[in-house]
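Only one structure is covered here, and it is reproduced in the block below.
The values are calculated or read from the model by the stated rules, or taken from the named source; none is laboratory data. Predicted, not measured: the structure shown is a model, and the values here were computed from it. Glycine also receives a Cβ, built like all others from the backbone with ideal geometry; neighbour counts cover every protein chain displayed.
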Amino acid sequence: MMKNVGPTTYPEIFLAVGGREIPPSDREVSDVVNPADGAVVGFVPQATDADLDAALAATGPAYEEWKQVSAFDRSTIVRRAGAILRERSERIATTMVLENGKTFREALGEVMVSADLLDWLADECRRSYGRVIPSRFPHGRVLVVQEPVGPVAAFSPWNAPALTLMRKVGPAVAAGCSVIAKASEETPGTAYEIYLAFRDAGLPDGVFQLVFGNSTQISEHLLASKVIRKLTFTGSVRVGVHLTQLAAQTMKRVTMELGGHAPVIVCEDADIDLAVQEMAGFKFRQTGQICAAPSRFFIHESRYDEFVEKFVAKAQQVVVGNGLDDETTMGPLANERRLQAMLDFVADAKSRGGKIVLGGNQIGDKGFFFEPTVITDVDDDFEVMRSEIFGPIAPIARFSDLDDVIRRANSSDLGLTAFTFTENERTARILSDRIEAGLVTVNTGGTSLPETPFGGVKQSGYGHEGGAEGLEAYMTKKLINQL
Ligand code: NAD
C-alpha cells in the first residue's frame, strides 16, 4: 500500500545564483533517478563557469551585508526557516524518497531533525560570546571577539541530503557567513527545498546560493577563488583529500566529515537483547548508508552464537520495498555504485570462506534493492572488514581478549563512531578511553543530536558539526588590544 502523501511528483529544480533562479530549460541537465525502479524522475541544471563566477561575485557583497545583521535578527530568520521546513516536511520527505530511496518515515525524521538543528542554531548564535583578558597596562582593554569566517563553499552528499546540507548551511548562515553550496546531483530536490525554506524565511539574496553540475569543475572553480574563506565537505575520504588539497592553495579553513567503519564490541557480560535491538536497528536504517552506522561486529566468543541467532532473527523482520510504501522498513540502495559495492563485498567474503547466513543478493532486477545481509566467520582481512561498507551488510567476527579487540577496532584508518556493549562499568571506561573514534557509545546506538558535536579522528576527517563546536567552525576569533 502506498503512502497517502498527496501527489508524488518530483519538483522542478533551479540553480540559485545571485538572487536569480535558473531553470533546467536554460541549462544542460543531468537525470535524477528513482532508486526504487531506475526511472528518471527529474532533471538537474548544470552550472556553467559563468554561473560560478556570478555566484562568487555575489557571495562577497552578500557576506559584507549579512555579517552586519545582528545575531538577534539572524536568529529570527534561521528559526523561521526551521518552521517552514516543518510545514513542508511531508512534501520534502516525499521528494527525498523519490531521489534517494529511503523510507518515508526516515526521510520525514531527517527533515524534522534538520529543523531542530535550525532551532538550536537560532538559540546558539545569540550566545557567541567573546571574552575579556586582563590587560597588563592601566585602563587597557584586551578583548577576544568572534566574527564570521567569511564566504563558505559547502559540498554535501546524497545519503542524508537534508541533514548533511543543513549542518553546513545552518551554522554558516547563523554565524553571519554567506555560503555557496554544491549539493549532490543525485538528490537535488531536497537541497532545493532547503534553499526555498531559507529564501521564504527572508534570507537576503546571495547569502545562500545553490549550484549543481560537474563536481570536479565546480569544486576546482570555487576553491581556487580567494573570495571563499572556508571549505566544508561531507563524503568519501578520497574526495575529501582532493578538496583539502585544493583549499590549501589559498589556506582556507576546512571541516571534513568523511567516512566511518564503526566497530561494534559486544562483551561477555553484555545485554545481548539490547545490543541486537540497537545495532540491528541502526545497521539497516537508511539501507546502511550512514557514515556513523555499525560496520565491523566483534562479539565475545562466549556470546557469539546467541548474538548471531538473535541478530539474524531481527534482520529477517526487515521489510524491503519502495520507501513510499507504508510497510517498508528498508528502501533500496541509493545508486547502482552502492549495489555493485555490496555484490563485491559478498563475493570477496565467499571467496575467503565467510558464511553468508542471511541475504547476500540483489532483489529483483528493477532499482537497486539488496537483501539485509549477515556474514559470519569473517576474518579481519576480508574486504568487508577493511573498507567502509555503506550498505546493509553486517560482518560478524569473534574475539576473546579485550586488549586484542581494542587493537583490532583501532586498526582501521577511519575513526568516526564506535559502539560498545557491556554491563561492567570498568570495561565501559576502558573501551571509551581507548577506542580511537570521535564518538564512542556505551549500551546505545544513539549518536548525534543538534546540541552535540559530531566529527571523526584519523582519516574520518577533522572539525565538528553540531553543538557549539559546529557553530564555532564558522567563526574566527579576533583579538582587540586597546590602550
Ligand atoms: P564518491 O567518492 O564518488 O563521492 C562522494 C561524495 O563526494 C558525493 O556526494 C559526490 O557528489 C561528491 N563529490 C565527488 N567528487 C567531488 C568533487 N570533485 N568535488 C566535490 N564533491 C565531489 O563516492 P560515492 O559513490 O558518491 O559514495 C561512496 C562513498 O562515499 C561511500 O563508500 C562513503 O564512504 C562515502 N560517503 C560518505 C558520506 C558521509 O556521510 N560521510 C556520505 C556519502 C558518501
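Name the residues in region 21-33 that are in contact (Cβ under 8 Å) with a residue 12 or more places away in the chain and in a strand (DSSP E or B), would you? Steps first, please.
Applying the first criterion (in contact (Cβ under 8 Å) with a residue 12 or more places away in the chain) to region 21-33 yields 22-24, 26-33.
Ile22, Val29, Ser30, Asp31, Val32, Val33, listed by residue number.
For region 361-380, give me the residue count where each residue is among the hydrophobic types (A, V, I, L, M, F, W, C), farther than 16 Å from Val318 by Cα and either modelled with pLDDT under 95 or not in a loop (DSSP other than H, G, I, E, B) (or both).
1
Name the single residue that is surrounded by the fewest Cβ atoms within 10 Å (Cβ to Cβ) among those in region 50-76 being charged (D, E, K, R) and under 18 Å from Leu210 (Cα atoms). Show your work before the answer.
If we filter region 50-76 for residues that are charged (D, E, K, R), which is where we start, we get 51, 53, 64-65, 67, 73-74.
If we keep only those that are under 18 Å from Leu210 (Cα atoms) as well, we get 51, 53.
Numbers: Asp51: 24, Asp53: 14.
Step by step, filter region 50-76, then rank; the result is Asp53.
Looking at this structure, is Gly150 crowded, with 19+ Cβ neighbours inside 10 Å, assigned by TED's automatic domain parsing to the domain that holds Ala58 and on the phi > 0 side of the Ramachandran plot?
Yes: the conditions hold for Gly150.
Do you know which residues across region 395-415 are within 16 Å of the ligand (Cβ to nearest atom) and within 28 Å of Gln316 (Cβ to Cβ)? Write out each step before concluding.
Restricting attention to region 395-415, the residues satisfying the condition of being within 16 Å of the ligand (Cβ to nearest atom) are 395, 412-415.
Once the filter is applied, which keeps residues that are within 16 Å of the ligand (Cβ to nearest atom) and within 28 Å of Gln316 (Cβ to Cβ), region 395-415 yields only Pro395.
Let me confirm something: among Ser432, Ser448, Ser411, which residue is outside any loop (DSSP other than H, G, I, E, B), among the small types (Gly, Ala, Ser) and out of contact with any His (no Cβ under 9 Å at 6 or more places or on another chain)?
Ser432
Could you list all residues from region 449-469 that are acidic (Asp, Glu) and more than 13 Å from the chain's Cα centre (by Cα)?
Residues satisfying the conditions are Glu451, Glu469.
Within region 224-232, identify whether any single residue is under 17 Å from the mean Cα position of the chain (by Cα), more than 24 Å from Asp31 (Cβ to Cβ) and not aliphatic (A, V, I, L, M), and answer yes or no.
Just the residues of region 224-232 that are under 17 Å from the mean Cα position of the chain (by Cα), to begin with: 231-232.
Now restrict to residues that are more than 24 Å from Asp31 (Cβ to Cβ): 231-232.
Filter again for not aliphatic (A, V, I, L, M), leaving 232.
Looking for residues that are under 17 Å from the mean Cα position of the chain (by Cα), more than 24 Å from Asp31 (Cβ to Cβ) and not aliphatic (A, V, I, L, M), one finds at least one in region 224-232, hence yes.
Restricting attention to region 224-236, which residues are hydrophobic (A, V, I, L, M, F, W, C) and surrounded by fewer than 22 Cβ atoms within 10 Å (Cβ to Cβ)?
Once the filter is applied, which keeps residues that are hydrophobic (A, V, I, L, M, F, W, C) and surrounded by fewer than 22 Cβ atoms within 10 Å (Cβ to Cβ), region 224-236 yields Ala224, Val227.
Only one of these conditions is not met by Arg79: (1) touching a strand residue (DSSP E or B) at 6+ places or on another chain (Cβ under 9 Å); (2) surrounded by fewer than 21 Cβ atoms within 10 Å (Cβ to Cβ). Which number is it?
Just one mismatch for Arg79, condition (1).
(1) surrounded by 24 or more Cβ atoms within 10 Å (Cβ to Cβ); (2) more than 16 Å from the ligand (Cβ to nearest atom): which one isn't true of Asn100, the others all being true?
Only one criterion in (1) surrounded by 24 or more Cβ atoms within 10 Å (Cβ to Cβ); (2) more than 16 Å from the ligand (Cβ to nearest atom) is unmet by Asn100, namely (2).
Suppose we keep only residues that are among the acidic types (Asp, Glu) and in contact (Cβ under 8 Å) with a residue 60 or more places away in the chain within region 117-143. Which one would you say is surrounded by the fewest Cβ atoms within 10 Å (Cβ to Cβ)?
Asp119
Residues Leu483, Leu439: which one is in contact with a strand residue (DSSP E or B) (Cβ under 9 Å, 6 or more places away or on another chain), within 16 Å of the ligand (Cβ to nearest atom) and in contact (Cβ under 8 Å) with a residue 24 or more places away in the chain? Steps first, please.
Working: Leu483 fails: within 16 Å of the ligand (Cβ to nearest atom).
So the residue among Leu483, Leu439 that is in contact with a strand residue (DSSP E or B) (Cβ under 9 Å, 6 or more places away or on another chain), within 16 Å of the ligand (Cβ to nearest atom) and in contact (Cβ under 8 Å) with a residue 24 or more places away in the chain is Leu439.
Kindly provide the set of residues from region 83-113 that are among the charged types (D, E, K, R) and either without any contact (Cβ under 8 Å) to a residue 60 or more places away in the chain or in the same structural domain as Val320 (by TED's automatic domain parsing) (or both), ordered by number.
Arg86, Glu87, Arg105, Glu110
Mind counting the residues in region 332-366 that are touching a strand residue (DSSP E or B) at 6+ places or on another chain (Cβ under 9 Å), away from the ligand (no atom under 16 Å from the Cβ) and under 22 Å from Ala39 (Cα atoms)? Working first, answer last.
If we filter region 332-366 for residues that are touching a strand residue (DSSP E or B) at 6+ places or on another chain (Cβ under 9 Å), which is where we start, we get 332-333, 335-336, 338-339, 342-343, 345-346, 349-350, 354-363.
Still in the running and away from the ligand (no atom under 16 Å from the Cβ): 349-350, 354-363.
Now drop any that are not under 22 Å from Ala39 (Cα atoms), which leaves 361-363.
Here the count works out to 3.
Could you pull out the residue among Val239, Val254 that is more than 30 Å from Phe297 (Cα to Cα) and of a type outside the set (Ser, Thr, Tyr)? If you could, list the steps in order and put the result at the bottom.
Working: Val239 fails: more than 30 Å from Phe297 (Cα to Cα).
Result of the check over Val239, Val254: Val254.
One residue is enough: does region 273-282 have a residue meeting the conditions within 15 Å of the ligand (Cβ to nearest atom) and not hydrophobic (A, V, I, L, M, F, W, C)? Give the steps one after another, and end with the answer.
Initially, region 273-282 is screened for residues within 15 Å of the ligand (Cβ to nearest atom), giving 282.
Next cut, not hydrophobic (A, V, I, L, M, F, W, C) only: none.
No.
Does region 237-292 hold any residues that are surrounded by 23 or more Cβ atoms within 10 Å (Cβ to Cβ) and of a type in the set (Ser, Thr, Tyr), and which are they?
If the condition is that a residue be surrounded by 23 or more Cβ atoms within 10 Å (Cβ to Cβ) and of a type in the set (Ser, Thr, Tyr), then Thr255, Thr287 are the ones that fit.
Take Val440 and decide whether it is in the same structural domain as Lys283 (by TED's automatic domain parsing), hydrophobic (A, V, I, L, M, F, W, C) and crowded, with 22+ Cβ neighbours inside 10 Å.
no
Kindly establish whether Gln286 is touching a residue at least 60 places away in the same chain (Cβ under 8 Å), assigned to a helix (DSSP H, G or I), within 16 Å of the ligand (Cβ to nearest atom) and of a type outside the set (Gly, Ala, Ser).
Yes.
Just to be sure I understand the filter: pairs with C-beta atoms under 7 Å, separated by 6 or more residues or on different chains, first member in region 327-348 and of a type in the set (Gly, Ala, Ser), second member within 11 Å of the ligand (Cβ to nearest atom) and modelled with pLDDT under 95. Which pairs pass?
That search, which allows pairs on different chains as well, returns nothing.
Gln68 passes all but one of (1) free of Cβ contacts under 8 Å to residues at least 24 places away in the same chain; (2) not in a loop (DSSP other than H, G, I, E, B); which number fails?
(2)
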